[in-house]
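**Q** The structure under discussion is supplied below as structure tokens; questions concerning it will follow.
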Amino acid sequence: MSCLFTLEYASISRDLSNDERLHCVHHVHRVGLWPPGVLHAIILPLWNQGDKTMARVGFGIIGCGNIGPVHAEALSQVRGAKLVAVSDVVEKSAKALAGKYGAASYVDYRKLLERDDVDAVCLCVPSGVRGEMGETCAAAGKHILAEKPLEINTKKIDRLIAAAAKAKVKLGCVFQSRFAEGARLVRSAVEKGRFGRIVLGDAYIKWYRSQEYYDSSQWRGTWKLDGGGALINQGIHQVDLLLWFMGPAKWVRAESRILAHERIEVEDLACATIGFENGALGVIEASTAIWPGHPARVEIHGSEGSAVVEDGELHFWRFKKETKADERVRASFRSDAALGSGAGDPLSDLKCEGHRRQIQDFVHAIRDDRPPFVDGPEGRRAVALIEAIYKSAASGKTVRL
Ligand SMILES: NC(=O)c1ccc[n+]([C@@H]2O[C@H](COP(=O)([O-])OP(=O)(O)OC[C@H]3O[C@@H](n4cnc5c(N)ncnc54)[C@H](O)[C@@H]3O)[C@@H](O)[C@H]2O)c1
């Protein structure tokens, strides 16, 4: 048992900086899962040896608005990666970001793709332009790490997945919540059957976005470029975690509304009942109309245990058959989420740590020639469910997936 727990932490920490690894090592020691000294003496030196021989992967960032700079900061901390160039149709934005990190800047992203030292691109442009842009990047032989949602619908996602496969480049979708320790512990407990018969899985995203937020860019709150509202833009991280924990959904029944915003085409409130393939039921509630915004929450409940994750961190962890480690996991609950929250404002508390972990995994995927942890098909799943929710809300009917 202690060995399994240690391996869990080791697998998490392979994608971490040395500081984070040490945090994990200390955590493992704190919860008493491994004799002190073993990780320091054997595992850390092996990790470090691997780092030194790792070839640097050159990155380009396309889209230098809100999230582009988070990718740039994350990249500055990723081992084996180098930010080479950035692009934005707004020249000022591209130049500002390029200047801060010593990268080249372009208004036309195709010029960035002409560079041989760009091996991979981070797509940080509005959601509905990533598909076509991604296909162009794939044709240029660049690996693609696209922000969430991978695209605004499954048709466009399928084209992008096919283009990446044809060009033999990696395709990843940013779901940084999957790299939070709490979320990984829950997933691991599911794999071990610790919840018993899983009966209920819920996701609650009760967030706030001001009218100014929607007015600030022409693409926000539109079907064509945002692909939807509270659910596909803000709620998708929790929808992804819910599916990661619960397995595939079978059917949905949903309602949606625009209640507290003007000049938007898409929902600021959606409520859905989900039937999962494993027989369990669940609820998704997503809103951008709830002030001041609450931590995003995913719950999983079974006949043998329950867990609750808030902003990636465990807030409840109980099993009928408890182990010594469970008490220690509870004692280590942290009140400050490592990955930050976007509950009231998109960027006020967004830290780059989650992106750093995911980009580190992407670099390993390129180096080891394996799929990234969240690849194209994994990125597609949450969009497919959200698409079904929108269809149900529009038709008033149950939609089968
Ligand atoms: N993972 C997360 O937690 C997270 C957080 C915020 C945003 N996002 C996602 O990131 C994406 C961008 O969001 P944002 O808030 O940064 O938007 P934004 O509007 O602030 O930034 C988008 C940028 O892309 C640029 N752009 C548009 N078309 C372009 C093109 N053809 N070539 C080059 N640049 C182009 C715009 O000028 C703008 O600067 C969205 O899909 C959003 O869902 C993810």
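The values are calculated or read from the model by the stated rules, or taken from the named source; none is laboratory data. Predicted model only: the values in this text are computed from it and were never measured. When we count neighbours, we look across all protein chains shown, and the Cβ atoms used for this are built from the backbone with ideal geometry, even at glycine.
**Q** Of these, 143, 237, which one is closer than 24 Å to residue 109 by Cα, surrounded by 19 or more Cβ atoms within 10 Å (Cβ to Cβ) and touching a Phe, Trp or Tyr at 6+ places or on another chain (Cβ under 8 Å)?
**A** So the residue among 143, 237 that is closer than 24 Å to residue 109 by Cα, surrounded by 19 or more Cβ atoms within 10 Å (Cβ to Cβ) and touching a Phe, Trp or Tyr at 6+ places or on another chain (Cβ under 8 Å) is 143.
**Q** With the requirement that a residue be assigned to a helix (DSSP H, G or I) and away from the ligand (no atom under 14 Å from the Cβ), what does segment 83-102 give you?
**A** Correct list: 99, 100, 101.
**Q** Another question, then. In segment 346-387, which residues are in a loop (DSSP other than H, G, I, E, B), in contact (Cβ under 8 Å) with a residue 24 or more places away in the chain and within 12 Å of the ligand (Cβ to nearest atom)? Give the steps one after another, and end with the answer.
**A** So the first thing to find is which residues in segment 346-387 are in a loop (DSSP other than H, G, I, E, B), and the list is 346-352, 369-374.
Narrowing the set further to residues that are in contact (Cβ under 8 Å) with a residue 24 or more places away in the chain leaves 346-347, 350, 352, 371-374.
346, 347, 350, 352, 374 - these are the residues of segment 346-387 that are in a loop (DSSP other than H, G, I, E, B), in contact (Cβ under 8 Å) with a residue 24 or more places away in the chain and within 12 Å of the ligand (Cβ to nearest atom).
**Q** Does segment 148-159 hold any residues that are in contact with a Ser or Thr (Cβ under 9 Å, 6 or more places away or on another chain) and surrounded by 24 or more Cβ atoms within 10 Å (Cβ to Cβ), and which are they?
**A** 149, 150, 151, 152
**Q** Please state which of the following conditions residue 303 fails to meet, knowing it meets all the rest: (1) modelled with pLDDT under 95; (2) more than 19 Å from the chain's Cα centre (by Cα); (3) among the hydroxyl-bearing types (Ser, Thr, Tyr).
**A** (1)
**Q** Restricting attention to segment 324-339, which residues are under 16 Å from residue 177 (Cβ atoms) and modelled with pLDDT of 65 or more?
**A** Correct list: 334 only.
Let's see how each residue does on (1) in the same structural domain as residue 199 (by TED's automatic domain parsing); (2) among the aliphatic types (A, V, I, L, M); (3) in contact with a Ser or Thr (Cβ under 8 Å, 6 or more places away or on another chain); (4) buried (at least 20 other Cβ atoms within 10 Å of the Cβ):
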{"position": "306", "(1), (2), (3), (4)": "yes, no, no, no"}
{"position": "332", "(1), (2), (3), (4)": "yes, no, no, no"}
{"position": "362", "(1), (2), (3), (4)": "no, no, no, yes"}
{"position": "385", "(1), (2), (3), (4)": "yes, yes, no, yes"}
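**Q** Within segment 219-242, is even one residue in the same structural domain as residue 295 (by TED's automatic domain parsing), over 14 Å from residue 383 (Cα atoms) and touching a Leu at 6+ places or on another chain (Cβ under 8 Å)?
**A** Looking for residues that are in the same structural domain as residue 295 (by TED's automatic domain parsing), over 14 Å from residue 383 (Cα atoms) and touching a Leu at 6+ places or on another chain (Cβ under 8 Å), one finds at least one in segment 219-242, hence yes.
**Q** Of everything in segment 123-139, what is hydrophobic (A, V, I, L, M, F, W, C) and more than 10 Å from the ligand (Cβ to nearest atom)? Give them in sequence order.
**A** Our first condition is that a residue be hydrophobic (A, V, I, L, M, F, W, C); within segment 123-139, this holds for 123-125, 129, 133, 137-139.
Within segment 123-139, 137, 138, 139 qualify.
**Q** I'm trying to understand the selection: among the residues of segment 193-238, which are of a type in the set (D, E, K, R) and under 18 Å from residue 65 (Cα atoms)?
**A** Passing the criteria: 209, 212, 215, 220, 226.
**Q** Is it fair to say residue 322 is assigned to a strand (DSSP E or B), more than 16 Å from the ligand (Cβ to nearest atom) and on the phi < 0 side of the Ramachandran plot?
**A** So residue 322 fails the test.
**Q** Does residue 203 qualify as being surrounded by 23 or more Cβ atoms within 10 Å (Cβ to Cβ) and closer than 30 Å to residue 322 by Cβ?
**A** Yes: the conditions hold for residue 203.
**Q** Sticking with this one: Restricting to segment 164-183, name every residue that is under 30 Å from residue 328 (Cβ atoms) and either among the acidic types (Asp, Glu) or free of Cβ contacts under 8 Å to residues at least 24 places away in the same chain (or both).
**A** Selection gives 181 alone.
**Q** Same structure, new question: Working only within segment 243-275, note down all residues that are assigned to a loop (DSSP other than H, G, I, E, B), closer than 19 Å to residue 206 by Cα and under 24 Å from the mean Cα position of the chain (by Cα).
**A** 266, 267, 268
**Q** Tell me, yes or no, whether segment 103-113 has at least one residue that is under 12 Å from residue 63 (Cβ atoms), within 13 Å of the ligand (Cβ to nearest atom) and basic (Lys, Arg).
**A** No, every residue in segment 103-113 fails to be under 12 Å from residue 63 (Cβ atoms), within 13 Å of the ligand (Cβ to nearest atom) and basic (Lys, Arg).
**Q** Next question. Does segment 181-194 include one or more residues that are modelled with pLDDT under 95 and touching a helix residue (DSSP H, G or I) at 6+ places or on another chain (Cβ under 7 Å)?
**A** Yes - at least one qualifying residue is present in segment 181-194.
**Q** Next up: On the given criteria, is residue 80 at positive phi, surrounded by 16 or more Cβ atoms within 10 Å (Cβ to Cβ) and away from the ligand (no atom under 14 Å from the Cβ)?
**A** It is true that residue 80 is at positive phi, surrounded by 16 or more Cβ atoms within 10 Å (Cβ to Cβ) and away from the ligand (no atom under 14 Å from the Cβ).
**Q** Among the listed residues 152, 157, which satisfies the condition of being among the β-branched types (Val, Ile, Thr), within 30 Å of residue 295 (Cβ to Cβ) and in contact with a Pro (Cβ under 9 Å, 6 or more places away or on another chain)?
**A** Details: 152 fails: in contact with a Pro (Cβ under 9 Å, 6 or more places away or on another chain).
Of 152, 157, the one residue that is among the β-branched types (Val, Ile, Thr), within 30 Å of residue 295 (Cβ to Cβ) and in contact with a Pro (Cβ under 9 Å, 6 or more places away or on another chain) is 157.
**Q** Enumerate the helices (runs of 4 or more DSSP H) found wholly within segment 140-242, keeping only those where 1 or more residues are more than 14 Å from the ligand (Cβ to nearest atom), more than 23 Å from residue 391 (Cα to Cα) and of a type in the set (Ser, Thr, Tyr). Full working, then the answer.
**A** Numbers: elements: 154-167, 181-191, 211-215.
Ranges flagged: 181-191.
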